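Only one structure is covered here, and it is reproduced in the block below.
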There are 2 protein chains.
Amino acid sequence: MSRRAPALEQTESAGGRDACAPAPPTNTAGPPPGGAAPAPSGVSPVIGTTAPAPSAFDKITPRRYVRYFTFAQDEPFVLESGEALQPVTIAYETYGRLSPARDNAILIAHALTGDSHCARHGPDDPEEGWWEPLVGPGRVFDTDKYFIVCSNVIGGCQGSTGPATVCPVSGRPYGSRFPVVTIGDMVRAQARLTDYLGIDRWLAVAGGSMGGMQVLEWGVRFPHRVRGLIPIAAPARSYPQAIAYNEVGRQAIMADPAWQGGDYYGGPGPVRGLATARMLGMITYQSDASMLRKFGRDIIPSRADRPYTLAKLFEVESYLEYQGKKLVDRFDANSYLYLTRALDLFDVARGYGSLAEALQRIQCPVLVVGVSSDILYPVYQQHEIVSTLRSLGKPVQYAEIDSPHGHDGFLIDFHMMEPPLARFLASLS
Amino acid sequence: MSRRAPALEQTESAGGRDACAPAPPTNTAGPPPGGAAPAPSGVSPVIGTTAPAPSAFDKITPRRYVRYFTFAQDEPFVLESGEALQPVTIAYETYGRLSPARDNAILIAHALTGDSHCARHGPDDPEEGWWEPLVGPGRVFDTDKYFIVCSNVIGGCQGSTGPATVCPVSGRPYGSRFPVVTIGDMVRAQARLTDYLGIDRWLAVAGGSMGGMQVLEWGVRFPHRVRGLIPIAAPARSYPQAIAYNEVGRQAIMADPAWQGGDYYGGPGPVRGLATARMLGMITYQSDASMLRKFGRDIIPSRADRPYTLAKLFEVESYLEYQGKKLVDRFDANSYLYLTRALDLFDVARGYGSLAEALQRIQCPVLVVGVSSDILYPVYQQHEIVSTLRSLGKPVQYAEIDSPHGHDGFLIDFHMMEPPLARFLASLS
């Protein structure tokens with residue numbers, strides 16, 4: 001374990017990278033967000049913003065607009081577990097400009113396999129973001145009005161410190177020696193980024209799924225640093241069925257001999273195990289109704305006249321296989337293990353005696369959003385948050401997206417999310 | 001492929017077994033069912049009833065009361081796919097006595113990992129059956145009144161011909177060379193057993209899950225051989241979500257290097273892959289509510305003070321691990337592959353143009369049973385059967401078990417199933 005590592009003078013040290021670690025992308029010096037002036041203008045001198053966490057994960061998506069903030073260089077960042085990381089890098093992207101009063105900043109938190117790229121930065125930015133229709137000029141998260149920040153969680157694999165990061169002490173990727181991080185740890189790391197950006201209070205923190213968990217943690221851990229919370233398709237704690245699905249996915253990864261106890265960097269890695277985990281994930285992100293509508297019992301054309309096979313036969317199988325392979329091309333299996341464990345461990349009430357005692361700490365309006373057909377975090381789990389906040393007399397609104405798309409609704413049904421989100425954001429300004 | 005194999009004089013041939021194949025258990029000569037006289041008394045001379053299908057699966061549960069019927073010794077048994085098996089053995093158990101009029105026989109069909117042992121045969125029979133509380137003297141399936149037959153499906157691994165069976169042509173276990181069987185093939189094989197037992201018409205055919213699919217096939221394929229049908233927690237066709245779950249399970253098995261393309265007999269086999277598949281299956285057999293009630297977010301005691309781990313942590317994980325390991329001790333991974341594929345392929349309307357045209361063939365009363373919290377075959381799928389039968393003017397009753405146990409309700413909520421089952425059976429007699 002690398003915790004309590006001796007302080008390093010520099011985040012990036014040639015000696016701190018081993019043969020498994022490719023050179024990190026050098027996009028730190030890219031143009032500022034949106035082609036505009038550097039967003040966090042006037043903030044404290046850029047310290048620590050150097051480069052991505054040196055990573056052995058060779059599938060980091062190259063992106064011009066990603067920036068990096070590194071902290072805990074001199075003092076370890078102590079995690080909820082008591083273990084520590086030193087240093088910690090956060091990859092982030094910003095959209096729009098921070099107002100002189102610094103009161104228009106919104107943090108967007110991503111889900112399990114998301115990253116800092118929630119939207120395009122302009123016409124010269126080819127890659128759609130995971131919340132593309134919601135973030136941009138004139139959109140709900142209006143980049144003409146708001147300063148949007150989206151960062152890759154710690155434990156992730158797209159530029160922030162995670163299990164693929166090269167441990168500065170050993171010079172090898174952490175792998176399974178990476179400490180377990182929690183949703184609370186992710187948020188505490190984001191708070192350090194918030195300090196660095198010179199933002200005292202977020203106008204809002206918003207996110208779906210694992211992002212929604214981070215939103216709740218923000219409200220409970222940093223009640224005076226948020227003016228509005230938008231947790232979407234997220235529970236106040238992980239329930240056993242969701243934990244069970246995660247565990248099956250982890251078993252699929254760890255059973256893959258190419259996982260090698262987590263030390264697979266430089267080799268192919270557990271691509272088959274990760275694909276299987278993703279296939280299962282994709283089922284839980286959808287719904288019986290949406291799968292029926294999309295696939296029915298359709299058979300792939302090449303099998304139409306010989307359906308008696310154990311091999312891929314139905315369109316739904318072909319779709320899952322495709323989704324599994326796609327994830328493998330952009331996600332690190334160890335991050336999948338660590339982030340799903342963070343999901344399991346999530347209980348916003350931890351340390352506060354009860355959910356009511358935890359949510360009592362929230363000092364701002366909350367918009368809770370649920371998706372009617374969500375089987376992963378069913379709406380009763382959002383109702384629990386709403387009813388607890390109501391019983392405490394907290395200002396809370398609830399919007400239920402009436403969609404057949406299941407959990408993925410928060411990444412699909414933008415037109416249904418826009419009205420309640422727009423109204424809520426307008427009420428905060 | 002072994003289909004269209006030359007006819008064999010004998011089912012069992014020493015030369016037809018290879019080194020992987022243990023000697024089959026010799027329980028054919030065990031005492032007759034229930035300690036009573038041989039049940040199918042007066043039927044045609046016992047031909048072909050010899051021994052289990054010679055099997056390379058070394059975890060066949062030794063059972064005194066299992067009997068074997070072998071057919072297709074001289075003529076191949078042609079499957080829906082056009083491929084064939086020769087010979088075919090069916091392991092079965094019987095309870096109670098066939099009446100002189102041969103009008104009291106009930107066939108019980110098992111689910112995915114079930115077998116012929118639906119209940120104990122008496123006090124000297126130590127092993128509980130999978131429908132124990134429903135089958136026996138004075139129980140709903142009253143063995144003082146009815147002659148109960150329960151057989152292991154073809155494709156299975158508990159005595160009937162399946163992928164672990166030693167192919168009489170090659171002398172090696174079929175493995176992946178076993179032909180794909182369908183629910184219809186299982187039922188057509190059961191019809192051969194029915195002939196052999198001298199039963200013209202079943203008083204009823206009953207079963208849950210995959211067993212319920214067999215029930216529907218009986219009604220549609222052999223409408224004049226059944227007087228009552230009890231499909232429980234089963235659909236008229238597999239929908240894509242259920243296919244998707246099966247596919248993830250299969251991928252977990254086939255990704256296990258110990259699967260070896262299906263030729264793993266004599267070695268450990270894909271125990272880890274099968275366990276993972278089972279873990280996933282267990283989630284789909286339960287419900288969010290039942291898992292919440294059973295496990296909550298409880299942590300296993302040994303981890304209580306150090307929960308920050310990727311290793312087994314929550315009670316629900318421990319439970320799944322246990323269930324996975326348990327299945328591995330009694331089930332053959334190749335059978336898991338073939339039987340889940342049979343589930344996927346199941347569409348009782350196949351070949352009939354529409355569900356209505358298929359169900360139009362049914363000539364007897366039907367009791368459809370659903371479990372309110374079933375997430376694998378949700379009640380709308382039973383409603384579809386009921387409404388189609390009603391629209392055709394067929395005599396159909398529907399009973400919904402109001403249970404939190406999910407799909408497994410048909411193996412748990414006996415007290416709720418008993419009244420409708422008892423009424424329905426009484427109405428048939």
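The values are calculated or read from the model by the stated rules, or taken from the named source; none is laboratory data. Just so it is clear, the structure is predicted and the values come from calculations on it, not from any experiment. Heads up, the Cβs are rebuilt from the backbone with ideal geometry, glycines too, and the neighbour counts pull from every protein chain shown.
Quickly run through segment A:163-213 and pick out the residues that are in contact with a helix residue (DSSP H, G or I) (Cβ under 6 Å, 6 or more places away or on another chain), among the polar types (S, T, N, Q) and part of a helix (DSSP H, G or I).
A:176
Kindly evaluate residue B:200 against the criterion of being free of Cβ contacts under 8 Å to residues at least 12 places away in the same chain and away from chain A (no Cβ under 14 Å). Explain how you work it out, then say what you get.
Working: free of Cβ contacts under 8 Å to residues at least 12 places away in the same chain: no; away from chain A (no Cβ under 14 Å): yes.
The answer is no for residue B:200.
Between B:327, B:292, which is more than 30 Å from residue B:179 (Cβ to Cβ), part of a helix (DSSP H, G or I) and either touching a Leu at 6+ places or on another chain (Cβ under 9 Å) or in the same structural domain as residue B:262 (by TED's automatic domain parsing) (or both)? Reasoning before the result, please.
On the way: B:327 fails: more than 30 Å from residue B:179 (Cβ to Cβ).
Selected residue: B:292, the only one of B:327, B:292 that is more than 30 Å from residue B:179 (Cβ to Cβ), part of a helix (DSSP H, G or I) and either touching a Leu at 6+ places or on another chain (Cβ under 9 Å) or in the same structural domain as residue B:262 (by TED's automatic domain parsing) (or both).
So, in segment A:235-246, of the ones that are out of contact with any Lys or Arg (no Cβ under 8 Å at 6 or more places or on another chain) and in a helix (DSSP H, G or I), which residue ends up surrounded by the fewest Cβ atoms within 10 Å (Cβ to Cβ)?
First, the residues of segment A:235-246 that are out of contact with any Lys or Arg (no Cβ under 8 Å at 6 or more places or on another chain): A:235-236, A:241-242, A:244-245.
From what's left, in a helix (DSSP H, G or I): A:241-242, A:244-245.
Numbers: A:241: 25, A:242: 25, A:244: 24, A:245: 22.
Ranking the candidates gives A:245 first.
Would you pick out the residues in segment A:217-234 that are touching a Phe, Trp or Tyr at 6+ places or on another chain (Cβ under 7 Å) and either in a strand (DSSP E or B) or not assigned by TED's automatic domain parsing to the domain that holds residue A:182 (or both)?
Selection gives A:226, A:229, A:230, A:232.
Report yes if residue A:375 is touching a Phe, Trp or Tyr at 6+ places or on another chain (Cβ under 7 Å), closer than 23 Å to residue B:236 by Cβ and modelled with pLDDT of 95 or more, otherwise no. If you could, list the steps in order and put the result at the bottom.
Working: touching a Phe, Trp or Tyr at 6+ places or on another chain (Cβ under 7 Å): no; closer than 23 Å to residue B:236 by Cβ: yes; modelled with pLDDT of 95 or more: yes.
Considered against the rule, which asks whether it is touching a Phe, Trp or Tyr at 6+ places or on another chain (Cβ under 7 Å), closer than 23 Å to residue B:236 by Cβ and modelled with pLDDT of 95 or more, residue A:375 comes out as no.
Regarding segment A:349-361, can at least one residue be identified that is more than 13 Å from chain B (Cβ to nearest Cβ), under 28 Å from residue B:256 (Cα atoms) and not in a helix (DSSP H, G or I)? Please lay out each step first, then the result.
So the first thing to find is which residues in segment A:349-361 are more than 13 Å from chain B (Cβ to nearest Cβ), and the list is A:352-354, A:356-361.
If we keep only those that are under 28 Å from residue B:256 (Cα atoms) too, we end up with none.
Among the residues of segment A:349-361, not one is more than 13 Å from chain B (Cβ to nearest Cβ), under 28 Å from residue B:256 (Cα atoms) and not in a helix (DSSP H, G or I), which makes the answer no.
Name the one entry in B:69, B:57 that is hydrophobic (A, V, I, L, M, F, W, C), within 27 Å of residue B:142 (Cβ to Cβ), buried (at least 21 other Cβ atoms within 10 Å of the Cβ) and modelled with pLDDT of 85 or more. I'd like the intermediate steps shown before the answer.
Working: B:57 fails: within 27 Å of residue B:142 (Cβ to Cβ).
Result: B:69 is the single residue among B:69, B:57 that is hydrophobic (A, V, I, L, M, F, W, C), within 27 Å of residue B:142 (Cβ to Cβ), buried (at least 21 other Cβ atoms within 10 Å of the Cβ) and modelled with pLDDT of 85 or more.
What number of residues within segment B:87-110 are buried (at least 24 other Cβ atoms within 10 Å of the Cβ) and out of contact with any strand residue (DSSP E or B) (no Cβ under 6 Å at 6 or more places or on another chain)?
Here the count works out to 1.
Please pick out the residue among A:215, A:169, A:181 that is more than 14 Å from chain B (Cβ to nearest Cβ), buried (at least 24 other Cβ atoms within 10 Å of the Cβ) and in contact (Cβ under 8 Å) with a residue 12 or more places away in the chain.
Values: A:169 fails: buried (at least 24 other Cβ atoms within 10 Å of the Cβ); A:181 fails: more than 14 Å from chain B (Cβ to nearest Cβ).
Sole residue among the options that is more than 14 Å from chain B (Cβ to nearest Cβ), buried (at least 24 other Cβ atoms within 10 Å of the Cβ) and in contact (Cβ under 8 Å) with a residue 12 or more places away in the chain: A:215.
Filter segment B:212-240 down to residues that are closer than 22 Å to residue A:288 by Cα and out of contact with any Ser or Thr (no Cβ under 8 Å at 6 or more places or on another chain), then give me how many there are. Give the steps one after another, and end with the answer.
In the first step, residues of segment B:212-240 are kept if they are closer than 22 Å to residue A:288 by Cα; the result is B:212-213, B:231-240.
Still in the list and also out of contact with any Ser or Thr (no Cβ under 8 Å at 6 or more places or on another chain): B:212-213, B:231, B:235, B:237-240.
Selection size over segment B:212-240: 8.
Among what's in segment A:268-281 and is at pLDDT 95 or above and not in a helix (DSSP H, G or I), pick the residue that is surrounded by the fewest Cβ atoms within 10 Å (Cβ to Cβ).
So the first thing to find is which residues in segment A:268-281 are at pLDDT 95 or above, and the list is A:269-281.
Keeping just the survivors that are not in a helix (DSSP H, G or I) gives A:269-270.
Numbers: A:269: 25, A:270: 27.
Applying the filter and picking the extreme gives A:269.
Considering segment A:402-416 alone, what residues qualify as being closer than 23 Å to residue A:283 by Cβ and in a helix (DSSP H, G or I)? Full working, then the answer.
Looking only at segment A:402-416, we keep the residues that are closer than 23 Å to residue A:283 by Cβ, and these are A:402-414, A:416.
The answer is A:406, A:407, A:408, A:409, A:410, A:411, A:414, A:416.
With (1) out of contact with any Gly (no Cβ under 7 Å at 6 or more places or on another chain); (2) within 16 Å of residue B:340 (Cβ to Cβ) as the list, and residue B:162 as the residue in question, which single condition is left unmet?
(1)
With respect to the numbered conditions (1) outside the structural domain of residue A:76 (by TED's automatic domain parsing); (2) buried (at least 24 other Cβ atoms within 10 Å of the Cβ), which one is the sole condition not fulfilled by residue A:258?
It fails just one condition, (2).
Looking at A:267, A:296, A:262 in this structure, which one is more than 8 Å from every other protein chain (Cβ to nearest Cβ), farther than 22 Å from residue B:311 by Cα and not aromatic (Phe, Trp, Tyr)?
On the way: A:296 fails: more than 8 Å from every other protein chain (Cβ to nearest Cβ); A:262 fails: farther than 22 Å from residue B:311 by Cα.
A:267 is the lone residue from the list that is more than 8 Å from every other protein chain (Cβ to nearest Cβ), farther than 22 Å from residue B:311 by Cα and not aromatic (Phe, Trp, Tyr).
Scan segment B:295-323 residue by residue and report those that are assigned to a helix (DSSP H, G or I) and crowded, with 23+ Cβ neighbours inside 10 Å. Steps first, answer last, please.
Of the residues in segment B:295-323, the ones assigned to a helix (DSSP H, G or I) are B:295, B:301-303, B:315-323.
B:316, B:317, B:320, listed by residue number.
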